[in-house]
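Taking it in order: structure first as structure tokens, then the write-up.
The values are calculated or read from the model by the stated rules, or taken from the named source; none is laboratory data. Predicted model, so just to flag it, every value in this text is computed and none were measured. Neighbour counts are summed over all protein chains in view; Cβ atoms, including those assigned to glycine, are modelled from backbone coordinates with ideal geometry. We work out accessible area using only protein heavy atoms, side chains counted, and drop any ligands, DNA or RNA first. Shrake-Rupley method; radii C 1.70, N 1.55, O 1.52, S 1.80 Å.
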Amino acid sequence: MVKEGDQSVTLDLLKQKMADFARERDWDKSHSPRNLLLALVGEVGELSEIFQWKGEVPKGLPDWNEEERVHLGEELSDVLLYLVRLSDICGIDLGRAALRKVELNALKYPVSLSKSASSKNQEVIITKTLVDNSDTTGTVVGESG
């Protein structure tokens, strides 16, 4: 078992460990992009189940006990490990792709527009929701679903 502080954890380390793990068990033949994606989706579902009935959860999870935190860590790890394995099998440098995406998002959502637009966006969303949920006379109708 890896103990905290034993070594730095990088995407490359995880990628190598996952490749070794699969090769040692002769799982490479089953690790197609499709199969890994479907496994990843399943793990995201398991992660979602943890939060399903908790309502809004504050940052830092102050009301969670140790067992819940450990379980969350395990499910987050499953998602990360499948994502790392999928990117490796697809030949995508996940670290570089993620950094590129952050840069693209910075261009798409500049700070100057984001801070001042935050409260305006809330107003637009509320207004749009009211308009979308109203009949032709402007009366708000209940949502189905």
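On a 32 Å Cα-Cα criterion, which of the cross-link pairs 29/59; 15/115; 59/108; 29/54; 17/101; 17/115 come out too long? Before the final figure, lay out each step's value.
Working: 29/59 40 Å; 15/115 37 Å; 59/108 26 Å; 29/54 39 Å; 17/101 25 Å; 17/115 41 Å.
Going by Cα-Cα distance, 29/59; 15/115; 29/54; 17/115 fall outside the 32 Å limit.
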Subject >> Average accessible area per residue (Å²) across segment 1-84 - probe 1.4 Å, nucleic acids and ligands excluded >> reply: 78 Å²
Original post:
About its Cα centre, what dipole magnitude does segment 46-93 give when the only charges are +1 on Lys and Arg Cβ and -1 on Asp and Glu Cβ, stated in debye to the nearest 20?
Top reply: 160 debye
Original post:
log₁₀ I(q)/I(0) of segment 3-51 at q = 0.16, 0.25 Å⁻¹, via Debye over equal Cα point scatterers, no solvent, to two decimals?
Top reply: -0.67, -0.97
Original post:
Within segment 39-78, which trypsin sites (Lys or Arg not before Pro) sit in a loop by DSSP and count at most 15 neighbouring Cβ atoms inside 10 Å?
Top reply: 54, 59
